[in-house]
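Structure first, commentary second.
Rule-based calculations on the coordinates, nothing more; no lab input. Not measured: the values here are computed from a predicted model. Because the Cβ atoms are built from the backbone with ideal geometry, glycine has one as well, and the counts that use them run over all protein chains shown.
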Amino acid sequence: MASAKTPVQNPASAQPSPSVFVNTLMPQPAHLTEQPGALVITPSFTTVEGHFHDARLDHAVTRALNRLKERTGLLIANLPADSASATLTVDVDGPGEAIQSDDENESYSLDVTPSGAHLHAATDIGAMHGLETLLQLVQPDGEQFILPAVSIQDAPRFRWRGLMIDCGRHFIPFPVLLRTLDAMAAVKMNVFHWHLTEDQGFRIESKLFPKLTEDGSDGLFYTQDQARELVAYARDRGIRVVPEFDMPGHTGSWLVGYPDLAGGPGPFHIERRFGVFDPVMDPTRDSTYKFIDAFIGEMAAIFPDPYMHIGGDENNGVEWKQNPRIQTFMHDHNLKDTAALQNYFNQKLLQILKKHDKRMVGWDEILTPDLPKDIVVQSWRGFDSLAAGAKQGYSGILSAGYYLDHMDSAEDHYLVDPIPAKSDLTADQQARILGGEACMWAEYVNGDVVDSRIWPRTAAIAERLWSPQGVNNVDDMYRRLAAESIRLESFGLTHLSQEKIGLRRLAGPSSEEAGDMNALRTFVSVLQPPDFSGIASEHRTTLSPFSALTFVLPPDPPSRHDFEHLVADYLQDPVAAEAGQTQLTGIFDAWIAAEPDLLRMMANSPILARTRPRAEQLARLGTLGSEAVSYLSSGQPAPQGWKARQLALLDQAGRLQCGVRFTVLQPLRDLVNSVQER
């Protein structure tokens, strides 16, 4: 029997592990100190909650233990343990606010030693963030799993870390939204901005005004019970839900069932195209505001968050200019233009929101000196616009640079900062920048595609909004993003599997047997979707199918950064870089060898056949790369005119074609430009 002085060995731990801590945390914590050793995870891993716990914290701990069980394959019990013997102690001061706010304490500390782990937080939400960090720390160590010994003190840099999903232009199925919330919580995002109304569809049930969905949704909308379920699901994960009801423009779907709201004569229909359209609410009628008052009151009972987004963007004013009665109203009220009339509308709308205890959020267009300082401006125009608002005393959220539908790389998003290092904002003005929001506009996504458009790039944005400004190493971000992308699959996200499924569908059942899939995988590994305008040129309406290769490809595939890095390393000393030469030559040979199989496959796949010119270009790019590496590695010059011919080929490959674009053109250009000619 052990003496009283002998420390009790926790049954879930063993001797300190010699393993090296592999940091794949995303987002990176504010402060992290590595310690010697590790906590070995065994089936006897137990958890206890400290002096405080409630249902929300219980749910969070149970979810974390279930995920730990799945991650490790160990039969870990969910039953609470005795505080003296618990492996993990979760110590929370209190529940946090009854209705989560934008200034709630989200900080936590996490200490892992070889004998146990201790998580402390001021609120449930901080504890949830700490549990996510704990799960990200889990790593294999030979035949066992461990938690590396670390000490972490963490808190977010910005208090508004959001994701907007546009469910108006294309309806996004409810289960997709729920798994998105799980993924948001995993990377410590805390605002789900739910864009619910558009010209193309009205997506939330109103029992006061049933024609909004009866006539304006094509039967694709969320019930009020579903909305309440989503709000509760999000709160259980520390996420606020801010609904958006866009007005006075982007309201075509409202006006189909309620044409008396309109500033023009109609008739109105659900819009099938994309863009900015004329239908707009009539801001001169009292009946318009009575309708909005009743609707906002109904929605306020469903969405408890202090904020409500009213859009306020892209009203072209055409119907107001063409309506003699509205023009007379403008003259009588000394409103010099449609911008002034929209400001009049916003002032009236603001009073309605205040009546229902809501703060107004809107896009850049709502910012006028007449509105009070407690509104929040979401900026799609950029930091200069955001900063101008902050200097005038307005709070703001940055979305410019975080538009996921633009198909920018994770690197591009990652390097956009709501408060750039060289900003001239004072400390008080910087405090008005609440954070940022990634925006998933839905002209060109549906429920099958949306996961791959949001993830994993949004995890990089989440880190930018959480971690210290100095955490900005792009290469390290991509290293950790690869790990996080795989972890996110555990929530049922399809951002990785969707490409494989889509390729099999396009290639047909016989392609796997014929061995052609390897060639197709080689082909798509160097492709990504075009930017927003490129997709718009081919996918024109809400009825257009999502069958093209464009919608199978993920933006910013890992191969893009990997190839860029490989070429950059090789060019440091091409003659001596034997490993780089071998690797690049193998890649280029694979591009060349893929062409016959691709062309044979495309002969039996009408959709893939549309990309035949790209397949032929890939083989030529492979030849270009192979020749460049041969010249560079041998130190021999190329014939006169070789570079001009290769650069012309790269220019041609860079033009929009076939609904896809190459990811490898700039590194290839670097190779060509490094070659000397005779």
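Secondary-structure-derived ellipticity at 222 nm for the chain, considering helices only, amounts to -12500 deg cm²/dmol, per-run term -39500 (n - 2.57) for DSSP H runs with n ≥ 4. Over all Cα atoms in the range 371-509, the spread is summed up by Rg and Dmax: 17.5, 62 Å. In whole percents, the pair-distance distribution calculated for the chain from its alpha-carbon pairs, binned every 10 Å from zero, is 3, 14, 21, 23, 19, 13, 6, 1, 0, 0.
For the range 78-199, relative contact order (Cα pairs under 8 Å, six or more residues apart, normalised by length) works out to 22 percent. Measuring between alpha carbons in the structure, the pairs from K188/K500; K207/K355; K391/K422 lying more than 22 angstrom apart are K188/K500.
Dipole of the chain computed with +1 at Lys/Arg Cβ and -1 at Asp/Glu Cβ about the Cα centre; of W320, P468, L618, farthest Cα towards the positive end is L618. For the range 31-154, the fraction of C-alpha pairs more than 26 angstrom apart is 16%. Each peptide in 446-459, 599-612 was scored by the mean count of other Cβ atoms within 10 Å over its residues; highest first, the order is 446-459, 599-612.
Amide H to amide H, with H built 1.01 Å from N, V361 comes under 5 Å of M308, H309, I310, V376, counting only residues 5 or more places away or on other chains. Among the trypsin sites (Lys or Arg not before Pro) in the range 177-212, those placed in a DSSP loop whose Cβ has at most 14 other Cβ atoms within 10 Å are K207. Per-residue 3J(HN,Hα) values for the range 154-165, derived from phi via the Karplus relation 6.51 cos²θ - 1.76 cosθ + 1.60 with θ = phi - 60°, read 9, 7, x, 6, 10, 8, 10, 10, x, 9, 9, 10 Hz in sequence order (x marks Gly and Pro). Around the amide H of A262, modelled in the peptide plane, lie the amide H atoms of D282, all under 5 Å away and 5 or more residues distant in sequence or on another chain.
In order along the range 188-202, the phi-based Karplus estimate (6.51 cos²θ - 1.76 cosθ + 1.60, θ = phi - 60°) of 3J(HN,Hα) comes to 6, 7, 10, 9, 9, 8, 9, 7, 10, 9, 7, 4, 8, x, 9 Hz; Gly and Pro are listed as x.
Restricting the range 234-337 to trypsin sites (Lys or Arg not before Pro) that sit in a DSSP loop and have at most 11 other Cβ atoms within 10 Å of their own Cβ leaves K336. Karplus-based coupling profile of the range 107-122, in residue order and whole Hz: 6, 7, 10, 9, 10, 10, 10, x, 9, x, 10, 10, 10, 10, 8, 6, with θ = phi - 60° in 6.51 cos²θ - 1.76 cosθ + 1.60 and x standing for Gly or Pro. Once backbone amide H atoms are built at 1.01 Å from N, S395 has V377 as its partners under 5 Å, excluding neighbours fewer than 5 places away on the same chain. Placing +1 on the Cβ of every Lys and Arg and -1 on the Cβ of every Asp and Glu, with no other charges, gives the chain a dipole of roughly 700 debye about its Cα centre.
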